[in-house]
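A short write-up of the structure that comes next.
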Amino acid sequence: MTRREAAAEDAVRMRTTEQLAGMVVGIAAIVLAVLALLRGFAAFTWGTAPEAPVSDNFGSGMMWMIPAITLSILAVVLARADHRHNTRDRAQTLHVAAYAGAVVAIVLAALGLLTAFDWIGADTTATTGMLWGSASIVAAFITLGLHIAVPTTVTDEDYLVSLVESRVQPRPAGGPAAPAPEREPGA
């Protein structure tokens, strides 16, 4: 197996893993959004945010909705298949930074829930949870930006020359023209 083939297999494996993770994160976002709606419409009273804005039900529902928004953004980040996975140093650095950003966004969303419902015992309120939750949304958008910024692979000149030479057949002297090379699908 050549180095290019191994890199292509690694890229496919990474893309598949990211899309699977995106699906899992998306399902978690749906669950949180459903909890937010149920709590917002007072279907259950567990998890009431102290000093919630507007009303206890609305404020408590929003405290569940903010992490759902964060996870929805992260699901989009992971499910995107239209970016390249390559082994260049800058690309790896940006992917690692994006993954770190995703972890930060999830931690901030969890802090938002814990502080909004005063579950960490620090006499926190819904406004504290909103700040942490809003920060998680910002971190999710930064993660999206880092994930989009992964540079595309630039094919080296020697590879292009060998590719063209392998496809172009010289015309025999005095004979009929060589058949035109076939286009690759998607080229």
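The values are calculated or read from the model by the stated rules, or taken from the named source; none is laboratory data. For clarity, every value in this text was computed on a predicted model and none was experimentally measured. Here the Cβ is made from the backbone with ideal geometry for all residues, glycine too, and neighbour counts use every protein chain on show.
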- Note on the structure: Of A75, A49, A42, the only residue that is crowded, with 16+ Cβ neighbours inside 10 Å and either at pLDDT below 90 or in a loop (DSSP other than H, G, I, E, B) (or both) is A49
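A quick yes/no check of all residues on (1) of a type outside the set (S, T, Y); (2) at pLDDT below 85; (3) assigned to a loop (DSSP other than H, G, I, E, B):
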| site | (1), (2), (3) |
| --- | --- |
| S136 | no, no, no |
| A140 | yes, no, no |
| E165 | yes, yes, no |
| P176 | yes, yes, yes |
| E182 | yes, yes, yes |
- Message: Being among the aliphatic types (A, V, I, L, M) and surrounded by 17 or more Cβ atoms within 10 Å (Cβ to Cβ) is the filter here; which residues of the range 132-141 pass it?
- Response: A135, I137, A139, A140
- Long-range neighbours under 6 Å by Cβ, at least six apart or interchain, first residue in contact (Cβ under 8 Å) with a residue 60 or more places away in the chain within the range 16-43, second of a type in the set (A, V, I, L, M): E18/L78; Q19/A79
- Counted residues, the range 100-131 - those being surrounded by fewer than 20 Cβ atoms within 10 Å (Cβ to Cβ), in a helix (DSSP H, G or I) and modelled with pLDDT under 90: 1
- Given the conditions (1) modelled with pLDDT under 85; (2) within 23 Å of A109 (Cβ to Cβ), every one holds for D10 apart from (2)
- Neighbours by Cβ (under 7 Å, 6+ apart or cross-chain): first from the range 93-107, hydroxyl-bearing (S, T, Y); second surrounded by fewer than 17 Cβ atoms within 10 Å (Cβ to Cβ) and not in a helix (DSSP H, G or I): none
- Could you say which residue among T93, T70 is of a type outside the set (D, E, K, R) and modelled with pLDDT under 85? T93
- Test for A36: is it part of a loop (DSSP other than H, G, I, E, B) and either more than 25 Å from the chain's Cα centre (by Cα) or buried (at least 20 other Cβ atoms within 10 Å of the Cβ) (or both): no
